[in-house]
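The values are calculated or read from the model by the stated rules, or taken from the named source; none is laboratory data. The shown structure was predicted, so the numbers you read here are calculated from the model rather than taken from an experiment. Glycine gets a Cβ as well: all are built from the backbone with ideal geometry, and neighbour counts include every protein chain shown.
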């Protein structure tokens, strides 16, 4: 009997300690993976920079806006050895894990994805306008996450110069 009471007390105490604290991490405001529209609390810290192109609202908007960006956005950063070097620095930090050091989509993390990340040396990528690649880096794609909060606008253009000059096999 004593043993039964002891087991019951331990069970009750353990349950009491778990609730409602066990749900704290679930109920917090957070950004879910691949989420592009995030409701921000009025007392949240504002983002200091504004994007030139609005955040897409759905997949159709991503496709439509990417094509529009291809026609409208032109790089303010001319291709130069300095720009390519800066682009490589940023690429090595943010892109290599998925796209690999040669841009083939065979980075250590990228090998785990189905489908694999885009091979940046293909004609599909190399023939895209700078604006279209900029849009993809900024707002992501169907499988690629966005980097608008992780990479400064000017550095995205440097990454494009790096991709276009280093991975172009033509």
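On the given criteria, is residue 156 under 18 Å from residue 81 (Cα atoms) and either without any contact (Cβ under 8 Å) to a residue 12 or more places away in the chain or surrounded by 14 or more Cβ atoms within 10 Å (Cβ to Cβ) (or both)? Criteria met by residue 156.
Mind checking whether some residue in region 77-98 is over 29 Å from residue 54 (Cβ atoms), in contact with a helix residue (DSSP H, G or I) (Cβ under 9 Å, 6 or more places away or on another chain), at pLDDT 95 or above and not in a helix (DSSP H, G or I)? Taking every residue of region 77-98 in turn, at least one turns out to be over 29 Å from residue 54 (Cβ atoms), in contact with a helix residue (DSSP H, G or I) (Cβ under 9 Å, 6 or more places away or on another chain), at pLDDT 95 or above and not in a helix (DSSP H, G or I). Only a single item in (1) modelled with pLDDT of 90 or more; (2) buried (at least 19 other Cβ atoms within 10 Å of the Cβ) is not met by residue 139, and it is number (1). Filter region 99-138 down to the residues that are in a loop (DSSP other than H, G, I, E, B) and under 19 Å from residue 75 (Cα atoms) and list them by number. Across region 99-138, the qualifying residues are 120, 127, 128, 129.
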